[in-house]
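Enquirer: Sending over a structure as structure tokens; questions will come in a sec.
Only the coordinates and a few stated rules stand behind these numbers; no lab work does. Owing to the predicted nature of the structure, the values given are computational and were not obtained by experimental measurement. Glycine gets a Cβ as well: all are built from the backbone with ideal geometry, and neighbour counts include every protein chain shown.
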């Protein structure tokens, strides 16, 4: 597969191309009145050809059999001096003298050795740089390139189509790679724009990557300690698991330097695909469009303290297929992403005495921001559909046996008499789920699941753990048969639901100062069904609660307390369907069954909860809800401001004792 080294080779090739081809300066005044001076100036402009040019850059060697420099006032000796590999003069100052109307290289070869026995070769065709002035090329193009990787554990080959770049600053590129800096200087723009078309690469494992076109804008960076070459060399041939502390410090420091140094204004790729043809299940991943934008990283703007804080990424028309599984995402976006915590942690780990503990490694987690997706579809393979059907059948058999005991009319009369003694228990027993009918889908047909919108938002991390999060799923549509066998959901098909249309929300936030975890909203709702919404506040939530060590987090959990809870149930059709289905199973009229539930709520609930005023209020509200199913709200708040802890729940002898410690409000409709 293609890796970032390919881009580095392209940059180095561009550097060599323009270095080796554009070294003839066109400076001189034709403004003089003398015709002789004009003729002399014209004769000073010439074409120069260089043969067999080789430029070594560390483990990479650039070779050009022929370079033609046109429209330059530089002599051949001048050009040779500029391209001299062992010159004591820095590349940046030499390239600043490069001046020519054009440079052409029929073939430019880049050979890179390493890591180990691996060898990467890229051959560029028809390379041309135009209007090169003071080391800056107005345009750099190549008709295509071929790449091969041999000798190492991963081999492969590929091709590039047309490559082009505008406003290429070779001197700036040389400074970034070869001249050290403090990492705090201004961003130096290397490319105004760059594009590559028709990329194809296949490795020896049968994995093929294709890219119709990739375009970048405002690419550049800052000078860092040791230069980019030194930072990249720190990663070469080093195994982090076996590295000594000094090596590890160099690597982490270099990583932090590069993250903060590299700046990309915008990047867009179209027609991206990855396929694997070998193996049991062929794989295909396709992305219609991928875009990255980071306007604060544009050269000339003040550097932000949060790397990538204004960055955004978008993916469109994403498709995945493997075996019988098919999925598609219309659009996926990531906003508010920041590597600031990652860089800060890398800086700490770069210290000579730093130790990469689990806690520190967890702090490498970046600010994730918001991940949003639209128009998601999923087709499950036939074998998973069959498994879901079998689960539904088994559930239906068990439910039918328990419900069949009460089907007879005589049994119904008996149970009605028993309900006066224990209405809640009887109502619960009669509420056993009925048998689920056989799904209507044909055997082997895939299950189609869709999701209109999904959004996941994470707040700033505390020691690698987000302090706030919100998950929202809207329009989750799936056949009711897929939830057959799941407690609480397996009966939905029997209630007349063919397809489920659900919305889910989970919104939480942690306040370290108050040591509170707010459950701002946890809800699930369904079309023609209703909504279940829960909110509350937990106290005693210390930072140790998020410790990766289970013993530490488990011990901290014992200090958690329940301060408040609010439960809301809204009915928009599910309760009526439940009463209708249950009344048929129990051979009762819907009104008769409804009345039994009312009795169970008004009389049974208070008895179970201790007949306190709070218990009676809960029972009365439930009875009102059953009579006229609309909205039921129950809220409870601990009388003690610290909340109820584990000890309060474990030592409470009865529900009544627990209710005595709460302020309870219940109402319906």
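Enquirer: Applying a 10 Å radius around every beta-carbon, put 353-364, 484-495, 91-102 in order of their mean neighbour count, most first.
Expert: 91-102, 484-495, 353-364
Enquirer: In addition: If packing is taken as the average number of other Cβ atoms within 10 Å across a peptide's residues, how do 58-65, 123-130 rank, most packed first?
Expert: 123-130, 58-65
Enquirer: Still on this structure, please answer the following. Can you give me the Kirkwood hydrodynamic radius for the stretch 119-166, using every pair of distinct Cα atoms, in Å to one decimal?
Expert: 12.1 Å
Enquirer: Now for a separate question. Compute from the Cα atoms of the stretch 443-483 the Rg and the Dmax, the latter being the longest Cα-Cα distance, and quote both in angstrom.
Expert: In Å, with Rg to one decimal and Dmax whole: 16.1, 50.
Enquirer: How much length is gained on full extension from residue 88 to residue 198, taking 0.36 nm per residue of separation minus their Cα-Cα distance?
Expert: Between residue 88 and residue 198, full extension yields 35.6 nm more.
Enquirer: Could I ask something else about it? If you take the beta carbon distance between residue 568 and residue 157 as r and set R0 to 41 Å, what does 1/(1 + (r/R0)^6) give as a FRET efficiency, to the nearest 0.05?
Expert: In this case the efficiency is close to 0.10.
Enquirer: Post the alpha-carbon centroid distance, the stretch 438-516 to the stretch 216-267, in whole angstrom.
Expert: One Cα centre to the other: 40 Å.
Enquirer: With N set to the residue count of the stretch 102-214, report its C-alpha Rg divided by 2.2 N^0.38 Å to two decimal places.
Expert: In units of the 2.2 N^0.38 Å rule of thumb, it is 1.23.
Enquirer: If I stretch the segment between residue 73 and residue 184 completely, what's the gain in nm (0.36 nm per residue apart, minus their alpha carbon distance), one decimal?
Expert: Contour length minus the Cα-Cα distance gives 36.2 nm.
Enquirer: Once R0 is set to 35 Å, what does the formula 1/(1 + (r/R0)^6) return for the Cβ-Cβ distance between residue 81 and residue 273, expressed as a FRET efficiency to the nearest 0.05?
Expert: 0.15
Enquirer: Between residue 243 and residue 558, how many nm apart are label points set 7 Å from Cα along the C-beta direction?
Expert: That separation, rounded to one decimal, is 4.1 nm.
Enquirer: Starting from the Cα of residue 213, step 7 Å along the direction of its Cβ; do the same at residue 347; then give the gap between the two resulting points in nm.
Expert: Output for this residue pair reads 4.1 nm.
Enquirer: Take residue 669 and residue 134, extend 7 Å from each Cα along the Cα→Cβ direction, and tell me the distance between the two endpoints in nm.
Expert: Each label point is offset 7 Å from its Cα along the Cβ direction, giving 8.4 nm.
Enquirer: How much length, in nm to one decimal, is gained on full extension between residue 235 and residue 499, taken as 0.36 nm per residue of separation minus their Cα-Cα distance?
Expert: 89.7 nm
Enquirer: Taking the Cβ-Cβ separation of residue 544 and residue 280 as r and a Förster radius of 41 Å, what is the calculated FRET efficiency to the nearest 0.05?
Expert: 0.35
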